[in-house]
1. Taking R107 as meeting all but one of (1) open to solvent by 40 Å² or more (accessible area, probe 1.4 Å); (2) outside any strand (DSSP E or B); (3) closer than 23 Å to T89 by Cβ, write down the number of the exception.
2. Would you confirm whether any residue within the stretch 113-126 is open to solvent by 60 Å² or more (accessible area, probe 1.4 Å), free of Cβ contacts under 8 Å to residues at least 40 places away in the same chain and of a type outside the set (S, T, Y)?
3. From the set of residues in the stretch 1-36 that are crowded, with 17+ Cβ neighbours inside 10 Å and charged (D, E, K, R), which is modelled with the highest pLDDT?
4. May I ask you to say which residue of L100, L137, L92 is modelled with pLDDT under 95, open to solvent by less than 20 Å² (accessible area, probe 1.4 Å) and not in a loop (DSSP other than H, G, I, E, B)?
5. Determine, yes or no, whether V88 is over 17 Å from the mean Cα position of the chain (by Cα) and not charged (D, E, K, R).
6. Among the residues of the stretch 69-78, how many are open to solvent by 40 Å² or more (accessible area, probe 1.4 Å) and outside any loop (DSSP other than H, G, I, E, B)?
7. Within the stretch 47-58, how many residues turn out to be surrounded by fewer than 16 Cβ atoms within 10 Å (Cβ to Cβ) and modelled with pLDDT of 95 or more?
Amino acid sequence: MIRESRIPNPESRLFSWPTRVYWEDTDAGGVVYHAQYLAFLERARTEWVRALGYGQDGLRRDHGLLFVVAGMQIGFLKPARLDDALEVTVELRNCRRASLIFAQTVRRGGEQLISAQVRVAAVDAEHWRPCAIPPQLLAQLQAQQTPGDGA
């Protein structure tokens, strides 16, 4: 059963977003195409921001800010397959003035399929140049950072 997205334990700061594997996500053998995991990770981060009360368009409109992926390390541990129910996790590991570092996983049941570290930069929505995250938003993001982890 796929559950709603949530932050299950506020102390752990771990956000979980459910998804299912469809034909469009797979290759001819029914295995998730490697690039599709990037979409799963992106959607989970977008839902994490939404759960904090900010949609991507609201960040652009209200704060003149966009978050863009600046770097990623990904480990492919096991394949996901057609019709698998997956959980994609998001955990903010480090929040700086103009960047965020996330730890993310893709799991099927208790089995970890993917591990990723994603570095996201804040950019000005009009000029696409790096910019500082507004202080109120920065404070809210820093409150979501995993305690004691400054990766």
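The values are calculated or read from the model by the stated rules, or taken from the named source; none is laboratory data. Fair warning: this is a prediction, and the values are worked out from it, not measured in the lab. Quick reminder, even Gly has a Cβ in these numbers, built from the backbone with ideal geometry, and neighbours come from all protein chains shown. We work out accessible area using only protein heavy atoms, side chains counted, and drop any ligands, DNA or RNA first. Shrake-Rupley method; radii C 1.70, N 1.55, O 1.52, S 1.80 Å.
1. The single condition R107 does not satisfy is (2).
2. No: zero hits.
3. Top of the filtered list is D25.
4. Details: L100 fails: modelled with pLDDT under 95; L92 fails: modelled with pLDDT under 95.
The unique qualifying residue is L137.
5. Numbers: over 17 Å from the mean Cα position of the chain (by Cα): no; not charged (D, E, K, R): yes.
Spelling it out, it is not the case that V88 is over 17 Å from the mean Cα position of the chain (by Cα) and not charged (D, E, K, R).
6. Here is the first cut: in the stretch 69-78, the ones open to solvent by 40 Å² or more (accessible area, probe 1.4 Å) are 69-70, 72-74, 76-78.
Imposing the further condition that a residue be outside any loop (DSSP other than H, G, I, E, B) reduces the set to 69-70, 72-74, 76.
Total meeting the criteria: 6.
7. 0
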